[in-house]
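**Student:** This is the structure I want to talk about, given as structure tokens.
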Amino acid sequence: RRSSDLFEDFKYADYYITPHDTIEGVHTTRSSGQIGLTLLFTAKVSPKGKKPMNLQGVDLLVLNANGKIADMKVMLRPLTATMAVGNMMRARLLGETDAPSSKL
């Protein structure tokens, strides 16, 4: 199962692309030829027994010279929704059968 199965009404809202050598004076750990890609999204999460919560998130990707993902980080806000997602993922990892399962 995918962690994205936890989200309802998932939509990418915007994106930003940063080639490796475009920002003067900004230190980056990316290698030459890699591209930074930031994807902003919105979604809802519905913890068991609670009303749905809106959340905002960011996927931070580094693409290598071949366009493959070399690194990925995901950030969520607000904290209450982030904690709800963490608890739902924990329940799934522990095999709890009553963990919610909504599809994209």
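**Student:** Of all residues in the stretch 42-73, which are charged (D, E, K, R) and closer than 22 Å to Asp9 by Cβ?
**Tutor:** Lys44, Lys48, Lys50, Lys51, Asp59
**Student:** So, one more: Considering the stretch 79-92 alone, what residues qualify as being without any contact (Cβ under 8 Å) to a residue 60 or more places away in the chain and open to solvent by less than 60 Å² (accessible area, probe 1.4 Å)?
**Tutor:** Scanning the stretch 79-92 gives Ala81, Thr82, Ala84, Gly86, Ala91.
**Student:** Do we find a residue being at pLDDT below 80, out of contact with any Gly (no Cβ under 9 Å at 6 or more places or on another chain), more than 30 Å from Asn87 (Cα to Cα) and open to solvent by less than 80 Å² (accessible area, probe 1.4 Å) anywhere in the stretch 32-46?
**Tutor:** So far as the stretch 32-46 goes, yes, one or more of its residues are at pLDDT below 80, out of contact with any Gly (no Cβ under 9 Å at 6 or more places or on another chain), more than 30 Å from Asn87 (Cα to Cα) and open to solvent by less than 80 Å² (accessible area, probe 1.4 Å).
The values are calculated or read from the model by the stated rules, or taken from the named source; none is laboratory data. Keep in mind the model is a prediction, meaning the values are calculated, not measured. Because the Cβ atoms are built from the backbone with ideal geometry, glycine has one as well, and the counts that use them run over all protein chains shown. To get the accessible areas, we keep the full protein, side chains included, count just its heavy atoms, and leave off ligands, DNA and RNA. Shrake-Rupley method; radii C 1.70, N 1.55, O 1.52, S 1.80 Å.
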